[in-house]
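Derivation of every value follows stated rules applied to the coordinates shown; laboratory data play no part. Please read all numbers here as calculations on a predicted model, not as lab measurements. Here Cβ is always computed from backbone atoms with ideal geometry, including for glycine, and neighbour counts include all displayed protein chains.
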Amino acid sequence: MEIINWSSILESLLFAAGDEGLSLKQMAEVLEVDELKVSEIIEDLRQEYEQANRGIMIVQLAGTYQLATKKENAAYLKKLVDSPHTSALSQAALETLAIIAYKQPITRAEIEEIRGVKTERPLHTLVSKVLIREVGRAEGTGRAYLYGTTKEFLDYFGLKSLKELPQLPEKVEEEFIQEEADLFFEKFQETINS
Amino acid sequence: MPYQVKIDAFEGPLDLLLHLINRLEIDIYDIPVAEITEQYLIYIKTMNELQLDVASEFLVMAATLLVIKSKMLLPKHEEVFSDDDPEMTFEDDPRDELVERLIEYRKYKEAAHDLKSLEEERGLMYTKPPSDLSDFAKEKQPEKTELNVSLYDMLAAFQKLLRRKKLQRPMATKIARQEISIEKRMTEIMVELKLLKGRKNFNELFPYPAKDHIVVTFLAILELIKRNAIDVEQSENFGDIFVEAVKEGAEVVGNY
């Protein structure tokens, strides 16, 4: 029986694919095995990389597997490039993006309703960075554009899929507090009136 | 002597209100409207004095607060507290709508905060562009296909390119401003493509890591597409984009 060094082959594939990444399906096609087998091979390779003396790891981004440098080495990598500053998103852009991520597809008017301010400029920035895109038109007058997040959005925030977004704060507790507040408010009013 | 004062910039009236609620340690469900309105107006006034542009949204909120304040001052009807109908005691609080908006906004403000940490976390990992495997590719000329690249694909390719060029930036650079017109770059690209007599990878059209050169080249490519001088092709989603000169009628370029 021929012995095939699967994890070696896979390592080469992932290296060559770079930041485009490879999906399970693509790897299965190249290796001519099923996706379950591919996951096993990836798991083997991942464990190998996890050893402390390695500088590379396997990450899952936007539905693909990629090789990336280990986070703890970031400080050294930054020394390689000239400008230390990273062009992070502005607060306005982040807020807008958060609303779109959780409520997509959504129109500009609906976003502005939540934020309470005009949102044209952050939207423009986000579209030009390809973190969001127009995904359709809303029903009704004006047929406003609907916005949604892109594959680049997932990659930018290191997410496998939209399911990985952190949970929004729950509302369950709020109702309880609301009642308490109402009670307090009533008592307060009575005290004042008496 | 002039000196600079750094003040907190607020994203909008809701953001300012949340800030005041936090600072005054107020329960968001029981906002003392009189107090918060006063504080809010002081802020607006200060912004005016500092000659900051006060967006109209801030003024609308000021008006809303005043309306709520006056509604709260109206006496409640006595019969509301009658024993037979306890439900009636929960009369509509004029603050309800505002509280709801504040809570909704706060939810996404927190989510934005989470995204920020994710952004920082992701920034610690570096990946490399795909290796050039084109040598292995068979010399088959791809069949002519429909133009199937959207503006979003072009923008995505552009962003990816900027990201890659950033890491290739040399440690020290000498700056020599060299202006290149879009028109000139269009001609260069056409010459390059015609000499090649085949298709060229989109990324290879950007030889210099200088931002203005990249931008000019990108605009030149878009213009060439518009004038039907080049064909752009992408065989699969997120795959590489290839550019090719259109055989006939290429003379159009440069005549405008």
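Going from the residue with the fewest nearby Cβ atoms within 10 Å to the one with the most, B:Tyr43, A:Tyr147 rank B:Tyr43, A:Tyr147. Counting neighbouring beta carbons within 10 Å and listing from fewest to most, the residues B:Asp231, A:Asp34, B:Asp240 come out as A:Asp34, B:Asp240, B:Asp231.
Could you list B:Arg95, B:Arg163, B:Arg106, A:Arg46 so that the one with the fewest beta carbons within 10 Å of its beta carbon is first and the one with the most is last?
The fewest-first ordering by Cβ neighbours comes to B:Arg163, A:Arg46, B:Arg106, B:Arg95.
Among the trypsin sites (Lys or Arg not before Pro) within the range A:106-167, those in coil by DSSP and having at most 12 neighbouring Cβ atoms inside 10 Å are A:Arg143.
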